[in-house]
Amino acid sequence: MLTLLALFTLLTSGCSQADKVTDDSAPPEGDADADSDSDSDSDADADADSDSDSDADPPEAKLVLNELVAGNETGATDEAGQNEDWIELLNIGDAAAELTGWGLTDALGEKEPWRFPEAQALNPGERLLIWADEDIDDGPNHADFKLSGDGETLSLVNPDDELIDAVSFPALNDDQAYARLPDGEGAWDLSDTPTPGAENK
């Protein structure tokens, strides 16, 4: 009889201990809710970051006329060592600008613009000098017109002949520049310090 009672007591005690272990292993209800809320907040933050990235503007090129000299007597020289009038272009955008089909003209609407050679591009912040000397056989970046020292209007057009940029410059002295000040985005002004291929000052 004592043996059976002892066995019953032992079995009852073991079940109680097992129930206790099971209860202790389960996380508190409040902690589970907190973890769920944290996961939801993380997912919301990730979605917000994704939406922000998708709303960002894609990089774009932006070509502008930046400087010119219409009476180059002692300044920059071309491949042949000649002092020719020149026009500086600048890409102030944040993507490379493909120049194929783009053009320059000093007689917009009166004659076909001079077109840039194919397979030429300007990276962001990069400059390009075009020699305005009517000597197209001297190289790929020699335009078929000259700039007038008495002043005129110079225009930049895209491949569809849409006007992208233009400047009407006044009469210029020899070796005097007409340039954007500050460089790239400022208003045009006279400068006695031409800076072909470099920042306008």
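The values are calculated or read from the model by the stated rules, or taken from the named source; none is laboratory data. Quantities reported herein were computed from a predicted structural model and do not represent experimental measurements. Ideal geometry is used to build each Cβ from the backbone, glycine not excepted, and the neighbour counts take in all protein chains shown. Protein only, heavy atoms only, side chains kept; ligands, DNA and RNA dropped before computing areas. Shrake-Rupley method; radii C 1.70, N 1.55, O 1.52, S 1.80 Å.
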If ligands, DNA and RNA are left out, what is the accessible area of TRP86 with a 1.4 Å probe, given in Å² to the nearest 10? 0
Under 1.5 on a/c is rounded, so check that first for segment 69-121, then, if it is not, pick prolate when a/b is larger than b/c and oblate when it is not; a ≥ b ≥ c are the square roots of the alpha carbon gyration tensor eigenvalues. oblate
What does the net charge come to around THR74 if you take all other residues with beta carbon closer than 9 Å to its beta carbon, with K and R at +1 and D and E at -1? -3
What ranking of ASP78, ASP161 comes out by heavy-atom accessible area, probe 1.4 Å, highest first? ASP161, ASP78
Run the simple label-point estimate for GLU126 and ASP55 please: 7 Å along Cα→C-beta, distance reported in nm. 3.4
Counting Lys +1, Arg +1, Asp -1, Glu -1, what net charge surrounds GLY186 among other residues with beta carbon under 13 Å of its beta carbon? -3
By the scheme Lys and Arg +1, Asp and Glu -1, what is the net charge of all other residues having a beta-carbon under 12 Å from that of PRO159? -4
Round to a whole angstrom and tell me the spacing of the C-alpha centers of segment 184-201 and segment 77-151. 17
Suppose every K and R has +1 on its Cβ and every D and E has -1 on its Cβ; what is the size of the dipole of segment 50-110 about the Cα centre, in Debye to the nearest 20? 140
